[in-house]
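Take a look at the structure below.
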Amino acid sequence: MRVTEPRHYATDALLRDGGSIHIRAIRPDDKQRLLDLFERLSSRSVYFRFFQTKQRLTDAELRYFTELDFTRDVALVATLRVGQEEHIIGVGRSFRIQEHGQPTTRAEVAFTVADAHQGRGVGTLLLEHLAAMARRQGIDTFEAYVLGENNRMLEVFEASGFTVQRALDTTADPT
């Protein structure tokens, strides 16, 4: 895969079942599309992503999730076109971890995939594309907070080909 400037990243990808998706950098004009995705998520998917129940995304959260610097924070969306409309079916984010005010070579990652598209490889593709972008930015380690019962996300990491280490952390504050 060819990695371009993160803010302008865009490519097409093939899913496990032969379907295709468009993967691109998230943009500020994605707020409504992101809100639409959130509203289509089951309460279980929301809980797996945010580790709590949530009824909606606030305006501040929508800005936080869509207005990124693409240096410390990077986000990609997987989209499908339905007629003239573009629908977000998945989001993958990475944000560089800082220690003592300095950037590290580690980044935290988080994913959300629409319930109707889980199990098709959307999360795996987002992880692969984020990893390629991260390597270009000097990041060599991804960390993720995943609930033990979130088997699908754990499978994505296990099948990624990356080295996976598990640890129990009861003090995590996922964003």
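Miscellaneous remarks
- Pair list, Cβ < 6 Å and 6+ apart or interchain, from region 65-80 residues that are at negative phi to residues that are among the hydroxyl-bearing types (S, T, Y): V74/S94
- Scan of region 1-34 for residues that are open to solvent by less than 60 Å² (accessible area, probe 1.4 Å), at pLDDT 90 or above and under 16 Å from R93 (Cβ atoms), ordered by number: Y9, I23, R24, A25, I26, D30, K31, R33, L34
- Comparison of T171, T175, T105 shows that the only residue that is modelled with pLDDT of 90 or more and open to solvent by 40 Å² or more (accessible area, probe 1.4 Å) is T105.
- Just one residue in the set V46, V82 is hydrophobic (A, V, I, L, M, F, W, C), modelled with pLDDT under 90 and surrounded by fewer than 17 Cβ atoms within 10 Å (Cβ to Cβ); that residue is V82.
- Applying a threshold of 9 Å to beta carbon distances and a minimum spacing of six or more residues, or different chains, the list of pairs starting in region 118-141 at a residue that is in contact (Cβ under 8 Å) with a residue 40 or more places away in the chain and farther than 22 Å from D17 by Cα and ending at one that is assigned to a helix (DSSP H, G or I) and of a type outside the set (S, T, N, Q) reads M133/P6; R136/P6; Q137/P6; I139/A131; I139/M133.
- Checked against the criteria, T71 does not count as open to solvent by 60 Å² or more (accessible area, probe 1.4 Å), among the hydroxyl-bearing types (S, T, Y) and more than 18 Å from the chain's Cα centre (by Cα).
- Number of residues in region 5-39 that are in a helix (DSSP H, G or I) and touching a helix residue (DSSP H, G or I) at 6+ places or on another chain (Cβ under 7 Å): the value is 6.
The values are calculated or read from the model by the stated rules, or taken from the named source; none is laboratory data. Just so it is clear, the structure is predicted and the values come from calculations on it, not from any experiment. Neighbour counts are summed over all protein chains in view; Cβ atoms, including those assigned to glycine, are modelled from backbone coordinates with ideal geometry. Just so you know, the surface numbers come from the protein's heavy atoms only, side chains and all, with ligands and any DNA or RNA stripped out. Shrake-Rupley method; radii C 1.70, N 1.55, O 1.52, S 1.80 Å.
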